[in-house]
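> Okay, handing you the structure first.
The values are calculated or read from the model by the stated rules, or taken from the named source; none is laboratory data. Note that this is a predicted model, so its numbers are computed, not measured. In this analysis, Cβ positions are derived from the backbone assuming ideal geometry, glycine residues included, and neighbour counts consider all displayed protein chains. Keep in mind that these areas ignore ligands, DNA and RNA; they rest on the heavy atoms of the full protein, side chains included. Shrake-Rupley method; radii C 1.70, N 1.55, O 1.52, S 1.80 Å.
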Amino acid sequence: MATVTLLQQRTRELHLRNDIKKQGQLQLRSNFNFNVKFAANNQNCVATLYQSFEDKSGEEAISVSVTLEGLFSCQGVMSDEDKKAVHLQAYDALFPYLQSVVGQLFGSTGFAGFMLKKVPLDEGRVVVSQSRKENNPPSLPIV
């Protein structure tokens, strides 16, 4: 069975716009994306988790987007099914970080207590593509 260990995570991008002019309720539209890129030897991978929110009314009163990356070591990755398992485990490991960052951003806009709900993923929704493999293991830059 394939397993992953989170080695490092970072917030790669944050965008926040708050032009709310009046009090009241807002309805938000959400967009979500998650992908995993494996090293050629399948012993490391980088997962990227993106989430955005914007005002549904079209007034563009608020918009928030966050991109997180995680560097993982992988054990037992031999097949596409193993890669799907890694995909799900990496998502489960990164989501609490995303939830925390999004909660802090919304708190800074005056929406204290905003709680991001986890999008349920299952192996049936995971697509493993046979894209070009990298010769070097994935890494996150040190800044």
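> What do the square roots of 5 times the Cα gyration tensor eigenvalues come to for the range 1-129, in whole Å, largest first, as semi-axes of the equivalent ellipsoid?
33, 14, 11
> I need to check one value: relative contact order of the range 1-134, counting alpha carbon pairs closer than 8 Å and at least 6 residues apart, in percent.
29 percent
> For the range 1-102, give the magnitude of the charge dipole about the Cα centre (Cβ charges: +1 Lys/Arg, -1 Asp/Glu; no others), in debye to the nearest 20.
With only Lys, Arg, Asp and Glu charged at Cβ, the dipole is about 160 debye.
> For n ≥ 4 DSSP H runs only, could you compute -39500 (n - 2.57) per run for the chain, divide by its residues and tell me the 222 nm figure to the nearest 500?
The helix contribution divided over the chain gives -7500 deg cm²/dmol.
> Please compute the length gained on full extension between ALA40 and LEU14, using 0.36 nm multiplied by the number of residues separating them and subtracting their Cα-Cα distance.
6.4 nm
> Accessible area per residue of the range 1-118 at 1.4 Å probe, in Å²?
Per residue, the range 1-118 has 56 Å² of solvent-accessible surface.
> At a 1.4 Å probe, what is the % contribution of carbon and sulfur to the accessible area of the chain?
Looking at the chain in its full context, I get 48 percent from C and S.
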